[in-house]
Structures are given as C-alpha cells and as structure tokens.
Amino acid sequence: MSVRDENIIEVEGLTKAFGDFKAVNEISFVVKRGEIFGFLGANGAGKTTAMKMLIGISTPTSGKAKVAGFDVFTSAEDIKKNIGYMSQKFALYDDLTVRENITFFGGIYGLKRQQIKNKSNQLIEELGLEDVKNQLVGSLPLGWKQKISFSVAMLHEPKIVFLDEPTGGVDPITRRQFWEMIYKAADEGTTIFVTTHYMDEAEYCNRVSIMVNGKIEALDTPQKLKEQFKADNMNDVFLKLARG
Amino acid sequence: MNTIRYIIQKEFKQIFRNKGMLPLIFVLPLIQLIILSNAATFEIKNIKVGYVDFDHSSTSDGLMDKFTASTYFQVKDQFPSQQLANSAMLNGDIDVIITIPSHFERDLLKEQKVNLGLQINAIDGAAAGVTNFYIQQVVSTYNNAIRAELIQGNLPSEMLPKNLLTIPSFWYNETLNYKTFMVPGILVLIVTMITLFLSGMNIVREKEIGTLEQINVTPIKKHQFIIGKLFPFVLIGLLLLTIGLVISKVIFSIPINGSILLMYGYTIIYILVILGIGLFISNFTDTQQQAMFISWFFVVIFILMSGLFTPIESMPKWAQVLTDFNPIKYFVEVMRMVMLKGSSFQDILPQIIKTSIYAILMNGLAVWSYKKTV
Ligand SMILES: Nc1ncnc2c1ncn2[C@@H]1O[C@H](COP(=O)(O)OP(=O)(O)O)[C@@H](O)[C@H]1O
Ligand SMILES: [Mg+2]
C-alpha cells in the first residue's frame, strides 16, 4: 500500500440540509491517493448522506467537494467514471445470477464484452464465488451478497471505491475476509473510502474521521487518536467523543 | 449502443424469469379480449315494436312479417292511431313505433320511393342507436326483396333506385356488425393497459429495491437508460397485438382489410407514446403504489374519452378538444380504419404525424424527468 501525497478527495464546508435539519454540517477533510480512509460515526450521524454527495447522486446544499479531480456540482458524471460504490443496502438484482449481475453492471460501465468476461472470471475466482456464480443472487446469504456488491463496485477498476458499511450484519469470519479484500484492493492502488460503526475495524484504516451529528469531531490516524483521547482502543475514543 | 443492449438483455431476463407475472401479461389480456368482445357489444335483443298501419296492404304486412321473423324484434301490437301508439311508448310497453303511411304499396310501385315513419325511445341513447341500426337492416333486406320482385315484373334494374324504402332518421350509418366494431378497440385497450402499467411500475420498482441507485452511480447516459427500458416493452406490446389479432381472426372472424405492416408500424409509434407516459410517471413517483394509481387515473380518462364506448361527436365541445390529446383515440381510429376499412398510409397520415410528435414529446419528458442526481 502506498499512500501518496496527492489529494484524491477534497472536501470543504460540505453541507446537506433536509429542510431545517442539517444531516451533514460543514464537513472538511482530504483523502490521499491510495489511502484507506475510515469514515466513522454512529447510526444517523450523516455518513451515508455525505457519501452520496461525494459519489454524485445527491447535490450538496452548500460547500465544495472535488473527487478524483472533478467538482461534485458540475462534473458528477465524470466522477462516476472514476469511482465504485457499494451501497449500505444491498442494491443488486435478486432475480439475476451472480454472473448476470456482474455482466450487466460491466456493460453499463461501458466495458467491452471480452473485458467483462475476463474481469468477472477473475473476480469470481478471487472472491471464491465459483460455486454460486450461476445462482440467483436472491437465494444467497448476506455475506455472499456483500462480496458480490464489492466485486461489482470494483469491476471497472475505479480509482476510488466507496463502501457504505460493507460489513454490516455479517459474521466475524466474513468480516475478516472482507477486510482482506479491501487490503488487496488498496495494495493495487485503489483508494478506499469506507464507513463503519465497528470500532475494531477502524484500526485497519490509515486514517479515520469520526462524525457526530453531522459534524466531523476528530480526524487522524488511529494511533494518534488513541493518544489524543488517552484511550486504549478506538472504541474508547469513540465513547469519549460521543459523551462529549 | 452497447450499454443499451445490456439493459435490454437484463430487462428480458427479468421479465421471463418472473413466473408470476408472465402469464398475467399474456393470458389475462386475452381472456379480457374474449369476454369483453362478447359482453361489451351493444347487441340488444327483444326490442318491443309497435306499429301503425295506414295502408293495410300485402306489402305492409310483408314488412311487418320481416320484423316478426327477426330474433331482435318482438312485434307487440298494431295500434289504430298514432296517439295510442305514443301513449304505449310513454308507458314503456313498446320501444319503437313504425308508421306505415297510407298508399304505401301504391306509392312504392308507382314512385319507387316511400318514407316510413320511425320513432325510437331514446332514453338510452346508445341503445336507441343500435335499435335504429337494426331496423335499417330489416328494412333494407325487405327493400331488396321488393326490388327483386319488381325486376321480375320486367322493370329494368337500372331504372329502379337502390333504396325504395327510406327512413328519414339516422344516427349511425355504419353497416358494421358491432363485434367487428368492438374487437379492434378492445385490442387497443389491452395493448395500452399492459404496456402502461409495466412501464409505469418499472423504474419506480428499481427505486424501491435500491438498484436504481447502483445504476445512478455508473456513468450511464440518461437517454441510454430510457431507450433500454423502452425496447422490451415495445416488443411485448407487439406480441400482445399479434396474439390479439390472431384471436380476432380465428375466434371472431374479424377481417384485416388493410396492410398489416402499416398497423404494426403505427402500433410501434403508439406504444412509444404510452411507454413515455409510463416512464415519466415512474420517474415522478416513489412507490409502485403511487405509480399504479396515477397510471389508472390516466387510463380511465383516456379510455372513456377515446370514442371507444361513447362517440366523440356527442361529447361537449371542451371535451372534444381534450380528446385531441388522447393517444388512445388515435389508436382506436387507426385500428378501425386499417383493420375494417383497409385504409392506406395516406389515410392515416394525420394520426401518424400527431402520434409521432406525441411520442417524441413524452419520451423527451421521460428522459428529462429521470434524474441521476437528486
Ligand atoms: N432524504 C432524507 N430526508 C430527510 N432526512 C434524511 C434523508 N436522508 C437522511 N436523512 C436524515 O439524515 C440523518 C443522517 O442520515 P444518514 O446519512 O443515513 O446517517 P448514517 O449513514 O450515518 O447512519 C438521519 O437523521 C436521517 O434521518
Ligand atoms: Mg448509513
């Protein structure tokens, strides 16, 4: 993994309001190319809302943000060419097989037929999906589904991949495997922007931000955060922050 | 282009994999066609006829015998005067009064042209129209019989006017059988409803299950997405039309007088209008339930104002203007014209132009209303 001194995401004063309520309240941060950036926060903190602005499917109320060099206000479609996204809610087709889902999304990302074939073979092998590749996705357990979502997000070899609670609701072994996948992608140079509310997972990240009620209250490496808050682990850091 | 192909492929897989929906899409409409074509005809039986005969000739008896022989009529009474007949109609004892003028037989032979008197109880306007139509048929059969007799009596046929007996009141002029008239219309309804509901539910369904978001984070172009969505439904619509036409031909022996190619060509444009409306609705709603309600709202208005069940000419002026915006109206017209009258491309050109403009407009709206960023 090689973190370079080059900002691939730049966010300044980014805000999203629903009526009077500011779900995301003037957040600012940068993410370096090649980083695993953990975006932490309790349920309802505003993580998903912030992420949707960065991936170009939600227009910010105010502020500035650049992703992969493109402005979220004016060049959302250019951003989409350079990113992968795995939604918090499973968002593939239950009535298509694993392979059909991969083919479909490969197709709409504009990959060539041969590319799709090679890439899906590679992903199926790497993620151990060989046995289920021709099964309808709807019949698979959640852990499998999440691996498939991840593979769809990685299909077009994006510069940045956004993962919204990728390990929510799965068993510790699958979580472990999932993080191995994330590491592998990062090794290959992909920037990872990942939300989670499992504090142990924060330890796997290069840097983490902690969001509370729409604001970023802390941002640093896990090591420095533990020193700053005089805590043994990230869980304690989080609890101290949440108590205020 | 490739992108569109992948969407089409995916839609087809989903449609044909949905074992619950597939039969509904194809079987239900056909049952509908068979039932409605039989039930929604304006066929009326046992029309109660009273008559006043001022002639008392064998010719006037002959005419009334024709009515007695018809299964549609029930000849009730002969009334000595017009007044008595009128009061019987007021009481509801009879639906129709036929008045045979004095010197009916004589004038018929001499002048070869006679007017019959006809009064129809028109409380139910549609039924009155049908009754009138049946009476015309009986009279015209009798007309031909007399004509044949006169020709045998050595009158040269060119000298005889075609219609000896005329009834000076016309509502409908069609020499059509009502089933023939209804079936093309019902085919229109089926194609319309199925394609509208399928497209109306389609995008909003992807919203509900979350897959639309996954599509929206890809660099797909809006028009690619909409075109990919349109294609499978156009094919389903054409398939429905085909099955419907086969049934009309086999079960109802409805002729297809015009060009089949023309009919399909027009149908494609028409379905694009409906799909544009459907996708537009789908983009604007958040749940399938909302989409269904709105689709219903439009379908009901479109159907009732299409001229299928009530003639457009008898609607108030403002309503007639509204029908110009009703795609179903054009489709009903075209189907009837091409199927029954054998109309040509030139004949239906106005409908083709209007429908094409409509199609471009609606699909433009569908593309516009599809927002990848909210
Ligand atoms: N479309 C919306 N309209 C109104 N409120 C919303 C909308 N989306 C999210 N919210 C609110 O914004 C807050 C942050 O939500 P979210 O970003 O999903 O949090 P997280 O992902 O951190 O759990 C929540 O209080 C949520 O109810
Ligand atoms: Mg969330």
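The values are calculated or read from the model by the stated rules, or taken from the named source; none is laboratory data. Note that the coordinates shown come from a computational prediction; the quantities given were computed from them, not determined experimentally. In this analysis, Cβ positions are derived from the backbone assuming ideal geometry, glycine residues included, and neighbour counts consider all displayed protein chains.
Looking at segment A:188-209, which of the residues that are away from chain B (no Cβ under 14 Å) and within 14 Å of ligand 2 (Cβ to nearest atom) is nearest to the chain's Cα centre (by Cα)?
Step one: filter segment A:188-209 for residues away from chain B (no Cβ under 14 Å), giving A:188-192, A:194-209.
Now drop any that are not within 14 Å of ligand 2 (Cβ to nearest atom), which leaves A:194-198.
Values: A:194: 4, A:195: 6, A:196: 9, A:197: 13, A:198: 14 Å.
Among those residues, the one meeting the criterion is A:194.
Which one of these is surrounded by fewer than 22 Cβ atoms within 10 Å (Cβ to Cβ) and either farther than 16 Å from residue B:11 by Cα or within 14 Å of chain A (Cβ to nearest Cβ) (or both): B:254, B:247, B:274? Write out each step before concluding.
Numbers: B:254 fails: surrounded by fewer than 22 Cβ atoms within 10 Å (Cβ to Cβ); B:274 fails: surrounded by fewer than 22 Cβ atoms within 10 Å (Cβ to Cβ).
That would be B:247, the only listed residue that is surrounded by fewer than 22 Cβ atoms within 10 Å (Cβ to Cβ) and either farther than 16 Å from residue B:11 by Cα or within 14 Å of chain A (Cβ to nearest Cβ) (or both).
If I filter segment B:1-50 down to residues being under 30 Å from the mean Cα position of the chain (by Cα) and within 12 Å of another protein chain (Cβ to nearest Cβ), which single residue comes out as modelled with the lowest pLDDT? Spell out how you get there, then give the answer.
Initial filter on segment B:1-50 (under 30 Å from the mean Cα position of the chain (by Cα)): B:15, B:21-49.
From what's left, within 12 Å of another protein chain (Cβ to nearest Cβ): B:15, B:21.
Working: B:15: 89, B:21: 82.
Looking at the filtered set, the residue picked out is B:21.
Residue by residue through segment B:72-127, note down the ones that are out of contact with any Asp or Glu (no Cβ under 9 Å at 6 or more places or on another chain) and at positive phi.
Selection gives B:92, B:112.
Which residues, taken from segment B:52-71, are in a helix (DSSP H, G or I) and hydrophobic (A, V, I, L, M, F, W, C)? Give the steps one after another, and end with the answer.
Taking segment B:52-71 first, the residues in a helix (DSSP H, G or I) are B:58-69.
Result: B:63, B:64, B:67, B:69.
Run residue B:233 past the list (1) among the hydrophobic types (A, V, I, L, M, F, W, C); (2) buried (at least 21 other Cβ atoms within 10 Å of the Cβ); (3) over 28 Å from residue A:105 (Cα atoms) and report the number of the one that doesn't hold.
Going through (1) among the hydrophobic types (A, V, I, L, M, F, W, C); (2) buried (at least 21 other Cβ atoms within 10 Å of the Cβ); (3) over 28 Å from residue A:105 (Cα atoms) one by one, residue B:233 breaks only (3).
Please pick out the residue among B:68, B:59 that is free of Cβ contacts under 8 Å to residues at least 12 places away in the same chain, among the hydroxyl-bearing types (Ser, Thr, Tyr) and either more than 14 Å from chain A (Cβ to nearest Cβ) or surrounded by 15 or more Cβ atoms within 10 Å (Cβ to Cβ) (or both). Spell out the reasoning first.
On the way: B:59 fails: free of Cβ contacts under 8 Å to residues at least 12 places away in the same chain.
Residue meeting the stated conditions: B:68.
Condition test on residue A:175, is it closer than 13 Å to residue A:40 by Cβ and of a type in the set (Lys, Arg)? Outline the logic, then answer.
Numbers: closer than 13 Å to residue A:40 by Cβ: no; of a type in the set (Lys, Arg): yes.
The answer is no for residue A:175.
Restricting attention to segment B:81-113, which residues are in a helix (DSSP H, G or I) and more than 22 Å from residue B:128 (Cβ to Cβ)? Spell out how you get there, then give the answer.
First, the residues of segment B:81-113 that are in a helix (DSSP H, G or I): B:82-91, B:104-111.
Answer for segment B:81-113, where residues must be in a helix (DSSP H, G or I) and more than 22 Å from residue B:128 (Cβ to Cβ): B:104, B:105, B:106, B:107, B:108, B:109, B:110, B:111.
Tell me, which helices (runs of 4 or more DSSP H) lie completely within segment B:285-374 with 3 or more residues that are surrounded by 16 or more Cβ atoms within 10 Å (Cβ to Cβ)? Please lay out each step first, then the result.
Details: elements: B:288-304, B:317-323, B:327-335, B:349-369.
Once the helices (runs of 4 or more DSSP H) in segment B:285-374 are filtered for at least 3 residues that are surrounded by 16 or more Cβ atoms within 10 Å (Cβ to Cβ), what remains is B:288-304, B:327-335, B:349-369.
Before we move on, is residue A:212 within 16 Å of ligand 2 (Cβ to nearest atom), β-branched (Val, Ile, Thr) and either away from chain B (no Cβ under 13 Å) or within 18 Å of residue A:55 (Cα to Cα) (or both)?
It is true that residue A:212 is within 16 Å of ligand 2 (Cβ to nearest atom), β-branched (Val, Ile, Thr) and either away from chain B (no Cβ under 13 Å) or within 18 Å of residue A:55 (Cα to Cα) (or both).
Filter segment A:79-97 down to the residues that are more than 16 Å from ligand 2 (Cβ to nearest atom) and under 16 Å from residue B:207 (Cα atoms), then identify the one that is surrounded by the most Cβ atoms within 10 Å (Cβ to Cβ). Talk me through it step by step, then tell me what you get.
Taking segment A:79-97 and keeping what is more than 16 Å from ligand 2 (Cβ to nearest atom), we get A:79-84, A:92-97.
Next cut, under 16 Å from residue B:207 (Cα atoms) only: A:92-95.
Details: A:92: 24, A:93: 21, A:94: 15, A:95: 16.
Applying the filter and picking the extreme gives A:92.
Just to be sure before I move on: is residue A:169 out of contact with any Phe, Trp or Tyr (no Cβ under 8 Å at 6 or more places or on another chain), under 27 Å from residue A:66 (Cα atoms) and within 16 Å of ligand 2 (Cβ to nearest atom) in the structure I sent? It would help to see each step written out before you state the result.
Working: out of contact with any Phe, Trp or Tyr (no Cβ under 8 Å at 6 or more places or on another chain): yes; under 27 Å from residue A:66 (Cα atoms): no; within 16 Å of ligand 2 (Cβ to nearest atom): yes.
Spelling it out, it is not the case that residue A:169 is out of contact with any Phe, Trp or Tyr (no Cβ under 8 Å at 6 or more places or on another chain), under 27 Å from residue A:66 (Cα atoms) and within 16 Å of ligand 2 (Cβ to nearest atom).
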